[in-house]
Amino acid sequence: MNHLAEAWVQAWNNHDLDAIMEHYADDIVFYSPIIQRLNNDPTGRITGKAALRAYFEKGLVAFPDLHFDLYHVLEGVDSMVLYYKSINNRLAAETMVVDGNGKVKEVRAHYKEQ
């Protein structure tokens, strides 16, 4: 899973939306407090790869200097937690559930308050 995590960070740091999206399953469910803010959606939830792509595209525009620094990868059963420095130097942890094809099918993103 370390390879998946490293490739994910590299895709984000390259701002390569196609490479970012390669990591996600078509039926992805993604939760994040950033969704609440960027999409003005109190549920903080996105379902489906097309909607996630649109959200990520909006995020790359909103945060043109986006750069992630990966600190730790915690491995679980069909899941991992990425602990990293995120937007605006905030600490972040994402729990990612991975399907049998090695694609991320659920994400729960967490951020340290500033």
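A short reminder: the numbers here are calculations on the coordinates, not readings from a lab. Since we're looking at a predicted model, the values are computed, not measured. When we count neighbours, we look across all protein chains shown, and the Cβ atoms used for this are built from the backbone with ideal geometry, even at glycine.
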Under the rule of -39500 (n - 2.57) per DSSP H run of 4 or more residues, summed and divided by the residues of the chain, what mean residue ellipticity at 222 nm is obtained, to the nearest 500 deg cm²/dmol? -9500 deg cm²/dmol
Residue farthest toward the positive end of the dipole of the chain, with Cβ of Lys/Arg at +1 and Asp/Glu at -1: which of N101, G44, N13? G44
What are the semi-axes of the equivalent ellipsoid of the chain, taken as the square roots of 5 times the eigenvalues of the Cα gyration tensor, listed largest first and rounded to whole Å? 19, 17, 14
Express the relative contact order of the chain as a whole percentage, based on alpha carbon pairs under 8 Å and six or more residues apart in sequence. 25 percent
